[in-house]
1. Looking at region 102-111, which of its residues are open to solvent by less than 10 Å² (accessible area, probe 1.4 Å), assigned to a strand (DSSP E or B) and either free of Cβ contacts under 8 Å to residues at least 12 places away in the same chain or touching an Asp or Glu at 6+ places or on another chain (Cβ under 9 Å) (or both)?
2. The conditions are (1) open to solvent by 50 Å² or more (accessible area, probe 1.4 Å); (2) modelled with pLDDT of 95 or more; (3) in a loop (DSSP other than H, G, I, E, B), and residue 134 fails exactly one of them. Which is it?
3. Any idea which residue in region 173-193 is farthest from residue 131 (Cα to Cα), counting only those that are at pLDDT 95 or above and of a type in the set (Val, Ile, Thr)?
4. Within region 148-193, how many residues are closer than 12 Å to residue 109 by Cα and in a loop (DSSP other than H, G, I, E, B)?
5. Yes or no: residue 69 surrounded by fewer than 24 Cβ atoms within 10 Å (Cβ to Cβ) and on the phi > 0 side of the Ramachandran plot?
6. With 48, 75 as the choices, which residue is out of contact with any helix residue (DSSP H, G or I) (no Cβ under 7 Å at 6 or more places or on another chain), closer than 23 Å to residue 171 by Cβ and crowded, with 21+ Cβ neighbours inside 10 Å?
7. Taking strands (runs of 3 or more DSSP E) that do not extend beyond region 1-55, which have at least 3 residues that are more than 20 Å from residue 113 (Cβ to Cβ), among the acidic types (Asp, Glu) and free of Cβ contacts under 8 Å to residues at least 24 places away in the same chain?
8. Within region 56-72, how many residues are farther than 12 Å from residue 100 by Cβ, in contact with a Ser or Thr (Cβ under 6 Å, 6 or more places away or on another chain) and either charged (D, E, K, R) or not in a loop (DSSP other than H, G, I, E, B) (or both)?
Amino acid sequence: MEIKLTDLQVNNTQLSSDAFAEGNAGNINLAVDRALNVVFGSFISSSTFELGNAGTIDIRAGELLIDSQDSGVFTGIGSNANIGSQGNAGAVTVNSDGLLSVLNGGGISSSTFSSGNANSVNISAGELLINSQGFEAFATGIHSNAEQGSLGDAGAVTVSSYRLLSVLNGGDIASTTFALGDAGTIDIRAGEL
């Protein structure tokens, strides 16, 4: 799936490519010249629910906002190996020329809930703001996790912010294991932290 736009608002909806059988999910390539907003329970995802692997996600935008806006459901960009699947999650790459904001339970992630592995998460931004703003239902931030009950490994997380990188009010950048698999490495580079 390849999409090129000037601006895009994803509000209370989903853009996804998933594997529900032996075949692999497709990749998602999204290029937005100016503003990409993913808000109020929306998500862009490629995940596996069966034998096939999830696809990769590659997003490029002038500016990017991810904000759950107290929707109570996951809002963001992610690739998962879901419960009962055997394939791997896909790598997630996000490039924002300007400000990338992840707010109120928003997330960018690649995680495993099953036997497959999570994958890498690679972020590059002119400026990066992660702020939970008191939201507690979901973690706010950038993650690659091996979730509880999974058997696979988490992936590496790489974050580059050319100017300021701010992580506030319980937001986080993490590669974590809650199960048998290994966590991944974390590499953070910022002009100012």
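1. Once the filter is applied, which keeps residues that are open to solvent by less than 10 Å² (accessible area, probe 1.4 Å), assigned to a strand (DSSP E or B) and either free of Cβ contacts under 8 Å to residues at least 12 places away in the same chain or touching an Asp or Glu at 6+ places or on another chain (Cβ under 9 Å) (or both), region 102-111 yields 102, 106, 111.
2. (2)
3. That would be 185.
4. 3
5. yes
6. Within the list 48, 75, the selection yields 75.
7. none
8. 2
The values are calculated or read from the model by the stated rules, or taken from the named source; none is laboratory data. Keep in mind that what you see is a predicted model, and the values were worked out from it rather than measured. For neighbour counting, all protein chains shown are included, and Cβ atoms are generated from backbone atoms with ideal geometry for every residue, glycine included. Just so you know, the surface numbers come from the protein's heavy atoms only, side chains and all, with ligands and any DNA or RNA stripped out. Shrake-Rupley method; radii C 1.70, N 1.55, O 1.52, S 1.80 Å.
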